[in-house]
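Worksheet: one structure, shown below.
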There are 2 protein chains.
Amino acid sequence: MTKEDWKKYSEADSECAVRNVLDRLGDKWSMLVIIVLGVEGTLRFNKLHSFIGDISQKMLTVTLKSLEADGLITRTVFPEIPPRVEYALTERGASLLPHMEALAEWAATHMEGIYASREKYVRS
Amino acid sequence: MTKEDWKKYSEADSECAVRNVLDRLGDKWSMLVIIVLGVEGTLRFNKLHSFIGDISQKMLTVTLKSLEADGLITRTVFPEIPPRVEYALTERGASLLPHMEALAEWAATHMEGIYASREKYVRS
DNA sequence: CAGCATCCCCGCGGATACTG
DNA sequence: CAGTATCCGCGGGGATGCTG
């Protein structure tokens, strides 16, 4: 990233790549769903729900719809009774995984120091 | 990331690295501030404000305080009149830059496809 | 110049109940 | 099983005004 590109990252239009990715993945659950699907592979709704645990049914539905709309996951309905719906990463979704892992590793590496900083900050 | 590590990424405790990083950087402005400081180098308050443009003064202050508390940026006050305050990335903050750039590049690469997917999705 | 204080709105997301 | 529909509280964040 060069200085000449800064407009791409700080202007408030739809061309700002960072804002776009943040608006899409910065919500409470999107990245987590992508990671779980990436690690576990194809999962059906309730399985996904139990893996994440503390997400509400509503938000899981909303998140999945949004990711599907963006072409990051696929939703496959099997016309059976009881119904079965399977979710899986698309190639585009899978291409995000390395970045998610990198961020997670960064967080794991620096979490301790960040906590220490914050405590010192609070006390001062 | 192995399957054995999934708990790190989907459990709702403070050990979840992904949730931690998202809670800290997933807000509306943190990543943008880090990127601008990374690209432009040390900046004072109003300069930062004008670079980002559409951030409110309040949110810039709040964001800077949070990043400072986490040890991602430094805040240097020069005891002059009128006052001068300079912000710069710490080493820890700078270590985030490559990941931010990677995400931005991912977004730039896939934005067009994502928009196309979403339009098709809306129409169906 | 670099903020802090206050007011206030709106939309994210949880809880609950219902359906094909 | 895999959702929809509805209600509602909370807090993120904008606008405005004031200060050392």
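The values are calculated or read from the model by the stated rules, or taken from the named source; none is laboratory data. Quick caveat: nothing in here was measured; it's all calculated off a predicted structure. Virtual Cβ from ideal backbone geometry, glycine too; neighbours counted across all protein chains shown.
Values computed for the structure shown
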| item | result |
| --- | --- |
| Qualifying positions in region A:1-41 - loosely packed, with under 14 Cβ neighbours inside 10 Å and modelled with pLDDT of 90 or more | A:LYS28, A:GLY41 |
| Condition check for A:ALA102: aliphatic (A, V, I, L, M), within 7 Å of another protein chain (Cβ to nearest Cβ) and away from DNA strand D (no atom under 16 Å from the Cβ) | yes |
| A:PHE45 vs. criteria in contact with a Lys or Arg (Cβ under 7 Å, 6 or more places away or on another chain), near DNA strand D (Cβ under 9 Å from one of its atoms) and more than 30 Å from B:GLU101 (Cα to Cα) | no |
| Pairs with Cβ under 6 Å, 6+ apart, first in region A:37-66 and touching a residue at least 12 places away in the same chain (Cβ under 8 Å), second near DNA strand D (Cβ under 10 Å from one of its atoms) and in a helix (DSSP H, G or I) | A:LEU60/A:HIS49 |
| Enumerated helices (runs of 4 or more DSSP H) restricted to region A:38-97, each holding at least 2 residues that are within 16 Å of DNA strand C (Cβ to nearest atom) and not acidic (Asp, Glu) | A:45-52, A:57-69 |
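Results for (1) more than 12 Å from chain B (Cβ to nearest Cβ); (2) at pLDDT 95 or above; (3) in contact with a Ser or Thr (Cβ under 9 Å, 6 or more places away or on another chain), shown as yes or no for each residue.
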{"position": "A:PHE45", "(1), (2), (3)": "yes, yes, yes"}
{"position": "A:PHE51", "(1), (2), (3)": "no, no, yes"}
{"position": "A:LYS65", "(1), (2), (3)": "no, yes, no"}
{"position": "A:ARG75", "(1), (2), (3)": "no, yes, no"}
{"position": "A:GLU86", "(1), (2), (3)": "yes, yes, yes"}
{"position": "A:THR90", "(1), (2), (3)": "no, yes, yes"}
{"position": "A:TRP106", "(1), (2), (3)": "no, no, yes"}
{"position": "A:TYR121", "(1), (2), (3)": "no, no, no"}
